[in-house]
1. Which whole-Hz ³J(HN,Hα) couplings does the range 149-162 yield from phi under the Karplus relation 6.51 cos²θ - 1.76 cosθ + 1.60, θ = phi - 60°, glycine and proline marked x?
2. With a sphere of radius 9 Å drawn around the Cβ of E73, what net charge do the other residues whose Cβ falls strictly inside it have (Lys, Arg +1; Asp, Glu -1)?
3. Apply the Karplus curve 6.51 cos²θ - 1.76 cosθ + 1.60, θ = phi - 60°, to the phi angles in the range 306-320 and return the couplings in whole Hz, x for Gly and Pro.
4. Please give every one of the aspartates and glutamates within straight-line cross-link reach of K171, meaning a C-alpha to C-alpha distance under 13 Å, and leave out same-chain neighbours fewer than 8 residues apart.
5. Please report Rg (one decimal) and Dmax (integer) in Å for the Cα set of the range 243-331.
6. Write down the Kirkwood hydrodynamic radius of the range 204-292, to one decimal in angstroms, obtained as one divided by the mean of 1/r over all alpha carbon pairs.
7. Subtracting the Cα-Cα distance from 0.36 nm times the residue separation, let me have the gained length for N183 to I219 in nm, one decimal.
8. Let me understand the range 74-194 better: what is its radius of gyration from the alpha carbons, and its Dmax, in angstrom?
Amino acid sequence: MEIIALLLGIFGLGTGASFWVIRNLYYICQPSEVLIFAGNRTQVEEGRTVGYRLVKGGSSIQMPLLERAFRMELTNMIIELKVSNAYSKGGIPLTVEAVANIKIAGEEPTIHNAIERLLGKTRKDIEQLAKETLEGNLRGVLASLTPEQVNEDKIAFARILLEEAEDDLQKLGLVLDTLQIKNIFDEVRYLDSIGRKQQAELLRDARIAEAKAKAESVIQASENNRITALRRIERDLEVAKAEAERRVRDALTKRTAVVAEVEAVVGAEIARVQAEIAVQTERIKQVEKQLQADVVAPAEAESKRAIAKAKGDAARIVEDGKAQAAGTQRLAESWKAAGTSAREIFLFQKLELLLKMMAAGVPEVEVQNLTVIDAENGSSVTKMASFLEQLRQTTGVDVAKVAGSLGVGMRDEG
């Protein structure tokens, strides 16, 4: 029975392990996706080694702790393209609307570019990347074509765009399946004008002929006006020249008088300034003298007085210090001469002063009576008196007074 139970346990353990492996490590690859097991190094068709292995279609088991599984969808992505104000070869800004169908490449070696650049990105991020790449290529193709070429053959324009974008998309690991041009227009209506080109040319010739006739008449009228204007200008020029010569003569006549007048004005101003300088110099000297008398001299006197006072105070302090030092020296010599009794003598000398100070600090106290009793060495009477006094001080009961009151009461009854 034990062997059967052991076998059943081993079988159950194996079944559980198989179920866990199938549930967590066994991957089935759909036809519209590719499995990438990252971790182990694998050699690809180009001869180089990569750190992952691919599974397209079928199934595979992930190696625990050594590999990590990723899925990458290969389904089609539809991208709406719109390029606004893209300049064509003729310098005309065009707006192009198109629809592109792209997908992630499922064949080697392009799929390796997709794994390196797109693995882990969302489909929205991949669509945005492809959209920006195609719009950039679209602008580049528009710059090499005239508006007429873009508008007349949209199929050729789409083919050129496919050839232009193929290399860029292949580097990203993407494949462009189809590209359809939906609409081409411009805000300046240049493309609309192309269809009316011949009509515009006929209208242009008629207008040119009419303009030529008008131009000839205008030229003749302008020639007549030119001759008249030239004669008027010559006449005005002669008048202006005569007026200028007159003004020059008047200016030469007045120049000497104006120069003399200006020189006189300048000389007067110079004299006034020089006089003002002398006045200001004297004023500065006066202010300096006033400042010396009002501020500097009193300040110097005050400084000298303060210095003299400080010297006097210093001399008095020095003399006091010398006197105290001499007194201390004499006290030390007396203390030394007195020997061991110097301390008692010094205290007796200071005792009177200390007692006066202590008595002055005690407030005045009025003593009603003073009783001195020797409670230890006295007789029985003294001990009894001490006890009665202590009883009166502690409890407030005066035994002698109570006894006297009782004696007075007994005499009154007798």
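1. Going residue by residue, I get 5, 5, 7, 6, 10, 5, 5, 5, 4, 5, 5, 5, 5, 4 Hz, with x marking Gly and Pro.
2. +2
3. Karplus-based 3J(HN,Hα) across the range 306-320 equals 5, 5, 4, 4, 5, 5, x, 4, 5, 5, 5, 4, 5, 5, 4 Hz.
4. Once the sequence-local aspartates and glutamates are set aside, what remains near K171 is E108, E116.
5. Spelled out, the Cα radius of gyration and Dmax of the range 243-331 are 37.4, 123 Å.
6. Evaluated over the range 204-292, this radius sits at 20.8 Å.
7. 8.1 nm
8. According to the Cα coordinates of the range 74-194, Rg and Dmax are 15.3, 49 Å.
Read-outs: derived from the displayed coordinates by stated rules, not from any lab. Quick caveat: nothing in here was measured; it's all calculated off a predicted structure. Cβ: placed from backbone, ideal geometry, glycine included. Neighbour counts: every protein chain shown.
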